[in-house]
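The structure under discussion appears below in the form of structure tokens.
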Amino acid sequence: MANEQEIREIKESIIKLEAQVAELKAGSRGARSNLARFGIGFLIVFVMLIISVGVIQFIG
């Protein structure tokens, strides 16, 4: 009896943990706003542009 009760409690705690993990996954997807995504993309493109101009000047 004690083993069955422990198994049941473990199963319930696993279900609760799975629900918490699902909530965390859903919450982390919308963490960045569109403005932040634009800013990060802009910085990446700007840095790549500077590097490519430097390479072209070095070759030429």
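The figures follow:
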{"item": "Only listed residue being surrounded by fewer than 10 Cβ atoms within 10 Å (Cβ to Cβ) and more than 19 Å from the chain's Cα centre (by Cα), chosen from Ile14, Ile56, Ile7", "result": "Ile56"}
{"item": "So Ala36, is it surrounded by 10 or more Cβ atoms within 10 Å (Cβ to Cβ) and of a type in the set (Gly, Ala, Ser)", "result": "yes"}
{"item": "Pair list, Cβ under 8 Å, 6 or more apart: the stretch 32-56 residue at positive phi, other residue part of a helix (DSSP H, G or I)", "result": "none"}
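Only the coordinates and a few stated rules stand behind these numbers; no lab work does. Owing to the predicted nature of the structure, the values given are computational and were not obtained by experimental measurement. Don't worry about glycine lacking a Cβ; one is built from the backbone with ideal geometry, like all the others, and counts go over all protein chains shown.
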